[in-house]
Each structure stands twice: as structure tokens, then as C-alpha cells.
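Bear in mind that the values in this text are calculations on the coordinates, not laboratory data. Quick caveat: nothing in here was measured; it's all calculated off a predicted structure. Ideal geometry is used to build each Cβ from the backbone, glycine not excepted, and the neighbour counts take in all protein chains shown.
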Amino acid sequence: MSVVASQLHREDSTCKPCRSCKWQIPDPTDPNSGQCTANRTEAGAVWKRWIRDVMNMTCTRHEEGKLSFREHV
Amino acid sequence: MTTCKECEFFFSVPEDADDYKPAKGDCVVEKQDEKGKYWLAKPVSEKDGCCEQYRPGSR
Amino acid sequence: MTTVTSIDHKGKKIEFFPENEAEQDIPDDELHEHLARPSTERTRRLKARCRWKHASAGEFVEKGVSAGIERMRLITEAHKANDGKPEVIRRALGLKHILDNMTLVIQEDEFIVGYHAEDPNKFPLYPELSYMAVQDYLISDYAPQPVKEASEINDYWKPHSLQSKCQEYFDPVDLTRMYQVSTMEGPSFASGYNSLIPPYETVLEDGLLTRIKLAEENVSNAYKQMEKLPWDGTTGLEWLDKIDNWKAMIITCKAVISWARRYSRLCHIVAEHYETDLKRREELMEIADICYRVPAEPCRGLKDAFQAKWFTFLVCHAIDRYASGFAQLEDRLLWPYYHKSVVEKSFQPMEFEEVVELVEMERLKISEHGAGKSRAYREIFPGSNDLFILTLGGTNGDGSDACTDMTDAILEAARNIRTTEPSIVFRYSSVNRNKTLRLVFECIRDGLGYPSIKHDERGVKQMLDYGKFSLNGNGATQEEAHSWANVLCMSPGLTGRRKSQKTRSEGGGALFPAKLLEIALNNGYDWSYSDMQLGPETGDPRNFDKFEDLWEAFRKQYAYAISLCIRCKDVSRHMEGKFLQQPFVSAIDDGCMELGVDAVVLSEQPNGWHNPITSIVAANSLVALKKLVFEEKKYTMDQVCGALRANWEGYEEMRMDFKNAPKWGNDDDYADTLIKDFYEDILGGEMVKIRNYSGGPVLPVGQAVGLYMEVGTRTGPTPDGRFGGEVADDGGISPYMGTDKKGPTAVLKSVAKVQDNQKANLLNQRLSVSMIRSGYGFDIWKSYMQTWHDLNIDHVQFNVVSTDEMKAAQKEPEKHQDLIVRVSGYSARFVDIPTYGQNTIIARNEQEFSSEDLDFLNVEL
């Protein structure tokens, strides 16, 4: 299957892992996984995507940083 | 070496205490931050080497 | 309050002016900032400097909060040092090592003393429970220092942890499904989350020295029994485990006494060497005296009782192991000591006002109690530090009113000090006295969101029903059944000297019908969040010819999830009984003491439950599908699947049809008949088939906490017209926000239809501020409560807060620190909740009572 760069995809040892992305917060249970919160609807909803492996997945929306609790869920 | 016994914050555990042991004491320090004052106590031995909070003044 | 509502009722115009005339000059958008009135200067100071530890979206709201390393270091030292000893003795020595060596904390102004970490800004961690929870802290801003040492400790515990011991017995795919918390809450063994009701009564009534004596006598008797001739190995060997358990109880009780007396000594030292204020010096000497006597000896007065209770709480909930909750029937527990101190004035004499101050101080103490809970639980109660919830009111064993002046003092303090914790549950009965009901009302009117109200008689009956399944034939008696309190937000459980819940495996944990329906509409596959198969293959929905096919597909997804959840809890309990015994809890439980069995192992009163959350999104979706696809045949399942996959984009007209289909909460028989079946036949019907560790059935407790937000973000679009990522329903049986359009009594009529196979269901209602704060407010509320009671509804809780004030707080949070809202099952400071969650509370309908509503409630104005 082809990789769509703008969508979450596997990239082993990427220098822009989801772990360091401001849209990511860790998985509720397993810190090796995560939750992507980049998908925010016009109505203000946050539609999350599960990140299976936060060190080896990425996408073109990667931005270093951390959002405040107020901008997450 | 300077030891806890010589520190102002060292208080010997009385012999009638449940946790009495020879040379055992409480290290009691006063702290203050933006939320106010508080005191911490932890068990030490009078023979322990002193720490960065050491203040001369054995009791 | 500048807004005044009016209605025409029985031929006259009723205007709702504030009961307190002074409020007429307070702008609507800052009302809550004018309601706090701490009863003394001391509690005003304590509140101003309170070290809140609220968490939201996994993060701590206050700066400077972090995990401490001390507890994890000490438990590890003890575990290594005691290798080879019987496990229960090893656990006891672990607690002893922590208590003997942990740092003590005393803060200025406080009267109730005791803390569970090495600094008042820290909280402890529990690597023996879940290594993943600790791993998460290690990569967070709140990591224990030094991180390297903490990491090594966690590595040591990995093979020994409860999580590792339990994981062995599950398919890794099942665990991956659970850990992501989308169709099911993660198992407690992977989060370390727990809840219990400590038998405080034995500590307060007997004191620990008496408990030690009992255990010593039991050990002595056991040896004698073993020495009897002739030896009988079929029974004689049972004494071995009992002896170990009793010995472990003795070790822990002695350790707790010694720890409390270290506090006594610290108070002396601070008084004599640090404190300059003479009055405070005297007070510190008084605290020193109390901590020397309790919990070693029986409590003699109210100050003793508050302190002994706090020490017991810390050991059971935070030091021995982590457990959420503050479960107790507090007014009944403290009443004998109130009587001694206030009525008889025989020991620690005081007036009612001083009791109120003590309660305010306890509330502030719990408000700054930090919980080292896993990320999942730092997400799902946004704005809280933990689910600290106590229970009041109800009836005595003979059916008489159980409200006392202690009840009133607790309510008055809660109203005065305005803290989000602990939340309060009030057991409502028709016999409750008016004076106390007025205080319950005032707390609600002032927007605290608590007390939440539970139906007293339903709770009593439930305890008796569960008791019939007791494995040792010792379930709740009629008298004991009246001593129930909520274990956490919603579920009743016994309090008292024995038979209370000791571990989460009995009740707690959730599964999510909205997400389960989403995957049932995709043959068990989750395309919208995890991109994996989350449940069994239950068929291509495009091939469903009749509604029953869909109904049964959902049932299969649900049945798979609920059995897996309960299996996890029972496996966890089995392992806890082997490696995570709780000898101190055993020591203070009369059943464990009598039988020589560990508290985790012994089950006398079954109380199994699990929480379906997001049920109304699923139920409304089923109603819409039944109507529009299977009955009216306006759309096909193929079209539905396509529209959902497109998140309704390009299908707006179709979405509006689904959105406008009949919805729960409007007393609409089309919707309500199906939804009643959904609750009773599937949600309850599938659960009740299960038997758990304790031998009783498992029943549903619908309660959303903050999971309605979390799961909403992990759930794609649903056939109720909801878009992907939008919030789910915020109660357990509450209408979806904004869809209850027929007024507050129509909601009650809908909810009352669901009765069978339910343990509890949370009903969230938001009431008109101007009506409730008016001179008519109490009468309306009382009539509402009596109607609610007579309809046999389990629960209700209220928000009384204006949209204007919430929106003002969004703009200028620093000016609205005292604005409290009811989220679901707990209250939070509005400014501590993420914007996403804040918007969900604003979106709830502010229900106004129409003339028809008032007629139905039979209220005279």
C-alpha cells in the first residue's frame, strides 16, 4: 500500500517521530503508543487517531512542541 | 567527617518511642515556598555524614 | 443577577427574583465568585494556599507538582530484602519499611496532619502495580528524580509487577484492544487503578492495639489447634496461611502506630523548636497528643476521629497501595464522636461551628492530596485530582431518618468552603428531615454540582439482593444493608466493620457502547481510531436485512467486551491475592480477622458491576437506524455505511434526518421503548449472565465521568447524526446534550422507564439558575426530588450555572477560580477543564420548569 505523507505512517527511526510532535499525547496505557490530536473539526471537536508506535511513525503535520492541557482532551 | 549528630536539625529518638534505636534521630527541617511554610522529618542516624542542609548546633 | 425569568402558572405571572436580594446587584457572569464563605480565617488561609493537584488531559494543571521517588525506593528495598519470606509477610514488611522511613510532612495552619510523599508538592508512584504507568511518568514533565534511579526501580519491578503477572494469561491482541481505551477501559492490572472502602469503623471504635491483640490471640489459638491430637492434615494445614495473615496484620498495625507516633513527635519538635506563635504551639501539642493516641487507641472525641480516619485513608489509599475514592458513610461514621464532643462535651468539647471548621479542613486536606494514577485516569476525570466521594443521609436499619447534625455540619462546610473535592452523595429518602434537605439544596443551588442524589431504598434493596449470592453465606443483613455508601461516583457498596469492597476487581471499569456500535457497523473493524480489528466479526452490515440482525451484531460485540473486562478483573484479583495482599486492610476488617484471610481474597458480599458509558449515543443511533432504514426504508445500510465513512460530508440532508429522529429524554415512546430494551436486554441482560470472583452477577452502572469526552474523541461518526470526534452522552442514562427538548419532567418520565437489570445510572441535569436561586427554588427542587423518588429513579445530579458565567470564564480564567461545575459523577473547577470539555457543559440544556412541569411536580407557588 502506498504511503500518503500527510497521513500517519510508519517510518523507522524517523527524525520527526510522533513522540516529539505537539499534536501527540501518550496512549492512556502504553507509553510506546500515542494519540494524534491533529484532526480538529470546525465545530471544535478533536477526532483522535491511535499511534501504534510513537518513535517510528510520523506525518507531514509534525511540529515539535507541546500543547497545554486546555487544548487537548 | 561532620555527622548528623552535630547538626541543629537532628533530634534524637527518645528511648520510649516505638521506633527507638540507639543513635537514631529525626532530621527536622523547615521549608518555605510560595504556598507557605512546612516541616519535613525523616529518620537518620547520628553517625550519618551530614548533608547540604547541615547547620552546626547539636542539641 | 440581572436576568429574571418569569412564567405564567395557574393564571398568574410568577417572577423568579433571587431569594437573597443582595444578589440582584451581582452580574450573572461572576456569581460563583461571590459565594464562598470559609467559616474561619484559618480555613480562608488554607484555601488560599491549597496545593491543588488537579489533572486534565493527562497533565497536571498546577505548576510544581511531580512524582516523588521515596515510596518506590522504599518498597523496592523491602522487596529485595525480604525475598523468600511468605508473600503476605513480605507485603507487610514492605508497608512497615515505607512507614518507618518515609518523610513526614506538617504544614502551617493544618490541624489534621499526615501526608503520603516526601514533599507536599509530590505524590508517590507504585511500580509494583503497573510498569507502564510508571514508564509514562518517566517520560513526562512530572518524572520522579533522579530519573535514572526511578527507571532502574521500574525495570526491577517489571517481572514482579501485577501487570506482568496478569498479562501472561491474555491474548496480546485483546490487551492491545483494551489498552487504547476505545471500546473498553484498560484492565486495572495495566493501570494500577483501584478502589476500596476501608473499614474505618474498627479503627475508630477499637483502635489498632486492640486489633493487634485479636490477631495475637488468633495466632496463639492457631498453634494450639495445630498441636491437637491426632493430627488431621485435611484441615490442619489451613492454619498455615491463616497464621501468616494474622502475623502480617500484626506487623502492619504496629507499623501504622509507630508512624502516627512519629507525627506526634514531629509536632512536639516543631512546637518546641520552630513555632513562635503561642496559640499554635498549644495546638501542635494537642495534635501531638492526638497522634500519639490514635489510631492506636479507640477515638474518644471528634478530633480523634478525623485524625484516625485520615491516617487510615492515607495507608489504605495511598501508601500501602494506590486506590481511588474516599468512600465512607461519613455522617454516620462520625456521629458517635460528634455526640461525645458536641452534645455531651465529654471529650474534645466543641460547638457546631468548630465541627464545620474541622470539616472544611478535611475538605482542603483531600483537595491537595496527590494521586500517582496512570495517564488514563489523569485524562478521564479532567479537572479533579481523583474521585474523592463520600456519602451522607439515608436511613437507619429501622428505616428512620439517618440525618444528624453531623450531616448538617458536613453540608454546611461544603457549601462554605467551595472545593471540588470531596464530592458528596446524598441518600434521599422520603423520611429525611427538612433542615438537612435545605442544606443539600443550598449546596446544589450554589453550583457545587453535589450532593448528587441517590435513591435510598433502591440502594438498600440492592445490598440485600447481592447478599443472597454470598459465597460464605454471610451477605448483608437487613441492618447492614442500610449502611451503604457509594464506592466511587455511583455504585453502592457496604460500609462497616466487614463486607466492604476491598479491590477494584469487584466493581469499576467501563466499556463503551458507542464505539462498540461503530465497530458493529464495520464487522468488528475500527477504521476511525486504531485501524485494527477491535472485536469479533459480526457480519457486513450491508447484508443486514432486518433490524434484529444489527441488534444481535451489537450484542455479540458487547458480550465479547464485557466478558473480557470481567475476566481481567478476576485474574487481577487472583494475582492480587497471591502477590498484592493488603494485610493492614485485613487487620481492620472483622471478617479477615475472624477467618485469617487476606482482604483481597475474602469476599463476603458480592457487589459486581461494570460501567457502560456512551450508551445513549449507541441507543439513539439504533433508534434512528430502525426508523429510517428498517421501517421507513428511506435509506439503505449501504448508504448509511457510506455516509458514516465520509463523516457525513456530502450527506448533510441525510445527517439531519438521522439527527432529527426520535431521541431519548423526551418521553417519546418510539425511542424509549427500544432504548428500554437496549438497557435491560443487552446492557444489563448480557452482564447479568456473568458470574464474577465473588459469585454474584455483574450489573451495569452507567456513569460517564470524563470518558464521554475521551471516548467521543476516539469514536467516529454515528447514526444519531453525530460527527466523528464529537463528544458522547454525558451521563449513564442522561439524554444527549441539547436533545432533551420537552423539559425536565419529560426527562424523568423517559428515565423512569428503565428498571430491570440495572445497578445504577447517572442522570445529569442542568437547571435554570434564576429559578433555582429564587425564593421558589427550594419548593420546586423538593417537589422535583419527591417526584424523582416516586418514579423510582436511581440517581440525579445538577448543574446550576449560567452559560454567561462559563463563557466569561473561558475568556478570563484567572478571574473565575471559584466557578465549579458538575462534569459527570464528580465536580471540577471550570477553568481546570480543557476547552473541549468546557464546551460540552455549556452545550447541555439549561432546563426551565414550565407550568406543565410544575403541575406534574405538584408544586404550589
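Contact order for segment C:65-160, expressed relative to its length and based on alpha carbon pairs under 8 Å spaced 6+ residues apart, stands at 38 percent. Loop-resident trypsin sites (Lys or Arg not before Pro) (DSSP state other than H, G, I, E or B) in segment C:656-692 with no more than 15 further Cβ atoms inside 10 Å of their Cβ: C:Lys689. For segment C:65-160, what does the alpha-carbon gyration tensor say about shape, rounded, prolate or oblate, given a ≥ b ≥ c as the root eigenvalues, a/c under 1.5 as rounded, and a/b over b/c as prolate? Oblate.
Note on segment B:4-45: the C-alpha convex hull projects to 3.3 nm² when averaged across all orientations. Only bridges with both residues in segment C:737-854 count here: give the DSSP antiparallel percent, nearest 5. Approximately 40 percent, going by the DSSP bridge assignments. With each label modelled as a point 7 angstrom along the Cα→C-beta vector, the C:Lys63-C:Cys641 pair spans 5.4 nm. Taking 0.36 nm per residue of separation and subtracting the current Cα-Cα distance, fully stretching the chain between C:Lys148 and C:Ala48 would add 32.4 nm. From the Cα gyration tensor of segment C:423-525, with a ≥ b ≥ c the square roots of its eigenvalues, which class applies: rounded if a/c is under 1.5, or else prolate if a/b is larger than b/c, or else oblate? Note, shape of segment C:423-525 comes out oblate. Inter-chain Cβ neighbour count for B:27-35, averaged per residue, equals 5 (cutoff 10 Å, partner chain atoms only).
Can you bin chain C into rounded, prolate or oblate? Criterion: square roots of the alpha carbon gyration tensor eigenvalues sorted a ≥ b ≥ c, rounded for a/c under 1.5, prolate for a/b above b/c, oblate for the rest. It comes out oblate by the Cα gyration axes. Among the trypsin sites (Lys or Arg not before Pro) found in segment C:587-645, those both in a DSSP coil and sparsely packed, with 13 or fewer other Cβ atoms within 10 Å of their Cβ, are C:Lys633, C:Lys634. Taking Lys and Arg as +1 and Asp and Glu as -1, the other residues whose beta-carbon sits under 15 Å from that of C:Gly695 total +2. Legend: calculated FRET efficiency, C:Arg567 to C:Gln24, from the Cβ-Cβ distance at R0 = 60 Å, rounded to 0.05, equals 0.50. What is the spin-label model distance, in nm, from C:Lys435 to C:Glu272 if the labels are put 7 Å beyond Cα along the C-beta direction? The answer from the label model is 4.5 nm. If you take the Cα centroid of segment C:688-737 and the Cα centroid of segment C:380-456, the two points sit 26 Å apart. Each Lys or Arg adds one and each Asp or Glu subtracts one; over the other residues with Cβ under 10 Å from the Cβ of A:Thr37, this totals +3.
Over what distance in Å are the Cα centres of segment C:53-119 and segment A:2-73 separated? Between the Cα centres of segment C:53-119 and segment A:2-73 lies a distance of 34 Å. On the basis of the beta-carbon distance and an R0 of 60 Å, C:Gln225 and C:Ser6 show a calculated FRET efficiency of 0.20. With springs only between Cα atoms under 10 Å, which of B:Glu34, B:Glu46, B:Glu15 fluctuates most in a Gaussian network model of chain B? Of B:Glu34, B:Glu46, B:Glu15, the Gaussian network model singles out B:Glu34 as fluctuating most.
For the pair C:Gln786 and C:Lys13, what calculated FRET efficiency results from E = 1/(1 + (r/R0)^6), where r is the Cβ-Cβ distance and R0 = 22 Å, to the nearest 0.05? E between C:Lys13 and C:Gln786, to the nearest 0.05, is 0.30. Put the Cα centre of segment C:607-625 next to the Cα centre of segment C:190-256 and the gap is 43 Å.
Taking Lys and Arg as +1 and Asp and Glu as -1, the other residues whose beta-carbon sits under 12 Å from that of C:Arg766 total -2. Using 14 Å as the cut-off for backbone N distance, which residues of segment B:34-59 belong to the label zone defined by a point 7 Å from the Cα of C:Glu77 along Cα→Cβ? The answer is B:42-46, B:48-49, whose backbone nitrogens lie closer than 14 Å to the label point. Rounded to the nearest whole angstrom, the semi-axes of the ellipsoid equivalent to chain A, taken from the Cα gyration tensor as √(5λ), stand at 19, 14, 11, largest first.
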